[in-house]
There are 2 protein chains.
Amino acid sequence: MPLRSRFSPEAGVDIHRCLVCDTRAQSICNAIDDKELAILAQASKRLSLPPGSVVIEEGSPAVAFFNVTAGTVKLFKSLPDGRRQVTGFADVGHFLGLTNSETYSFGAETVDTVRVCRFMRPQLEALLADYPLFERRLLAEVTDELTEAQEQMLLLGRKTARERVASFLLGRMLPQTPRQPETEDRMVSLPMTRVDIADYLGLTIETVSRTISALRREQIITGTDNHGIRILSVSRLQELASGQDNR
Amino acid sequence: MPLRSRFSPEAGVDIHRCLVCDTRAQSICNAIDDKELAILAQASKRLSLPPGSVVIEEGSPAVAFFNVTAGTVKLFKSLPDGRRQVTGFADVGHFLGLTNSETYSFGAETVDTVRVCRFMRPQLEALLADYPLFERRLLAEVTDELTEAQEQMLLLGRKTARERVASFLLGRMLPQTPRQPETEDRMVSLPMTRVDIADYLGLTIETVSRTISALRREQIITGTDNHGIRILSVSRLQELASGQDNR
DNA sequence: AGCTGTCGTTGATTTATATCAACAATAACC
DNA sequence: GGTTATTGTTGATATAAATCAACGACAGCT
């Protein structure tokens, strides 16, 4: 019986936790095989954080790297006067905290209850050096993030409020079960507040609220609950999101 | 004497070209040693492109990867109705074209006369597999690009026109010769047109023009030539860029 | 040197979204 | 279970930047 994991959780998680980790398939941990996973397990520590916790303080020394295994974390950058830009939401399977700098150039806070695996930087660097597949996987993830960032720059620089909200809802659509035809009717995951949505879309909370209300009025979305919205016409919303809106 | 390089340039560049390449120190090619450079040289092809050339067509198959050795390339994304967002400018030493997707999700065009080294995708993937240092270097570069993209999201989502232009000019400052104290007076490289600047900053050409004129009027910048601007007070511009503007 | 087209500047007016303001709904707390 | 704080909605008004419009400055070309 793995006593270690029960009596000294601080010293690293037991390999068994990684083996049965239900998010392993989606995450970078999948880049290494079961044998090597033991090393990964020793290098990481599991943390559970309540909503609104600071994961990374903007400008603090970049000492750790995180892999999200449950919940949603928001990443952001701020200006001296308090204006904020949320640069992304890291959901299950995503990592955060990778940087070449000595300090983090962004902050990270939990949106809801979040579980993360934390890797300390020296250990992460050792892992990268020893397991090329791990590094390969990381490169692929960062490349994907960059592609997303470019899409968001298009949204922030050139889209109208209506187009931004439509794009956001599409981006937060829950995945369909495979082998199921693409439906027009889809659920959306919105654990964050209107403030976070506004800061992500470069708008004010009032504009976000008004725009969501308008989409509801036009029967493009439904759901009276603020954090549980349902898209009624994905194709219509896609038209709106790309500016093919004739009105 | 290396006849090959003189008589069949199409078959790859000679290793000598890489060895003496004046941009090697700044680029990913620096990740591998002289011996291995021969393989890199064989895998690449040098191209010289006039201003306004298409390097990457948005949505086309992602078959190649480029390293800029001279000039400036603009990267952008478009909406169906023609609205454009320039997501970045790739100067000497930067690469472009890395993606996990089968097609490019962005376009790339030369701003001025540009020289690039082109790598075909299968060859690049072989290089990555064989030279971990090459991959390491690439990961570092993509990570830096992501950091820059986050900074640009803050600019696009939350900064005023004045703050955007100030940030842009600071970002385009030419590097100081090392061992020289930071001066208040610095040159700026602006090979691109007002249209490109506007599309980069999420503004119109008129707003960019008016804002630059205002900064000139206020003695923060000088230079009558449109593509040759000089910053008179770097610190003042930094204040403007971060919103510590009391006016 | 004069024409032609591109690029950049400046001014007048409009407009999308921010700001200001009030209130409603929901969640948190004793 | 009622009170208080937080979060979200809706309306009225202000404003930064867009749009519309005219013109100026060059660069390339014959």
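The values are calculated or read from the model by the stated rules, or taken from the named source; none is laboratory data. Treat the numbers as computed from the prediction; the structure is a model and nothing was measured. Glycine also receives a Cβ, built like all others from the backbone with ideal geometry; neighbour counts cover every protein chain displayed. Side chains are part of the model used for accessible areas, which takes the heavy atoms of the whole protein and leaves out ligands, DNA and RNA. Shrake-Rupley method; radii C 1.70, N 1.55, O 1.52, S 1.80 Å.
Just how large is the dipole of segment B:159-241 about the Cα centre, in debye to the nearest 20, putting +1 at every Lys and Arg Cβ and -1 at every Asp and Glu Cβ?
60
Taking Rh as the Kirkwood radius, which is the inverse of the mean 1/r over Cα pairs, what is the Rg/Rh value for segment A:159-241?
0.95
Just to confirm a number: summing +1 for Lys and Arg and -1 for Asp and Glu over residues other than residue B:100 whose beta-carbon lies under 10 angstrom from that of residue B:100, what do you get?
-3
What pairs in A:77/B:45; B:45/B:77; A:45/A:77; A:159/B:45; A:45/A:159; A:45/B:77 have C-alpha atoms more than 30 Å from each other?
Too far apart for the 30 Å limit: A:77/B:45; A:159/B:45; A:45/A:159; A:45/B:77.
For segment B:45-80, list whatever residues lose no less than 30 Å² of accessible surface once every protein chain is in place, relative to that chain by itself, with the probe at 1.4 Å.
B:77, B:79, B:80
Using a 1.4 Å probe, how large is the accessible area of residue B:72, given in Å² and rounded to the nearest 10?
Residue B:72 has an accessible surface of roughly 10 Å² with all protein chains in place.
What distance in nm separates the simple spin-label points at residue A:54 and residue B:226, each placed 7 Å from Cα in the Cβ direction?
The modelled label-to-label distance comes out at 4.7 nm.
Say a paramagnetic label sat at a point 7 Å from the Cα of residue A:238, along Cα to Cβ; which residues of segment A:185-224 have their backbone N under 16 Å from it?
A:185-187
Loop only by DSSP, 13 or fewer other Cβ within 10 Å of the Cβ. Give me the GluC sites (Glu not before Pro) in segment A:86-186 that pass, ordered by residue number.
A:102, A:182, A:184
Tell me the carbon and sulfur percent of the accessible area for segment A:159-241, rounded to whole percent, probe radius 1.4 Å.
The value for segment A:159-241 is 54 percent carbon and sulfur by accessible area.
Using R₀ = 45 Å, calculate the FRET efficiency as 1/(1 + (r/R₀)^6) where r is the Cβ-Cβ separation of residue A:103 and residue A:217; round to 0.05.
Step by step, r from the Cβ atoms, then E = 0.45.
Excluding residue B:210 itself, calculate the net charge of residues whose Cβ lies under 12 Å from the Cβ of residue B:210, where each Lys or Arg counts +1 and each Asp or Glu counts -1.
Computed value for this residue: +3.
Each residue of segment B:151-165 in order: what ³J(HN,Hα) in whole Hz does its phi give by Karplus 6.51 cos²θ - 1.76 cosθ + 1.60, θ = phi - 60°, with x for Gly and Pro?
For segment B:151-165, the Karplus-derived couplings read 4, 5, 5, 4, 4, 5, x, 10, 8, 6, 4, 4, 5, 5, 5 Hz, x marking Gly and Pro.
Consider a paramagnetic label point 7 Å from the Cα of residue A:193 along Cα→Cβ; state which residues of segment A:99-120 have an amide N under 18 Å from it.
Residues passing the 18 Å test: A:107-114.
At a probe of 1.4 Å, how much accessible area disappears from chains A and B on forming the pair, both sides counted, to the nearest 100 Å²?
4100
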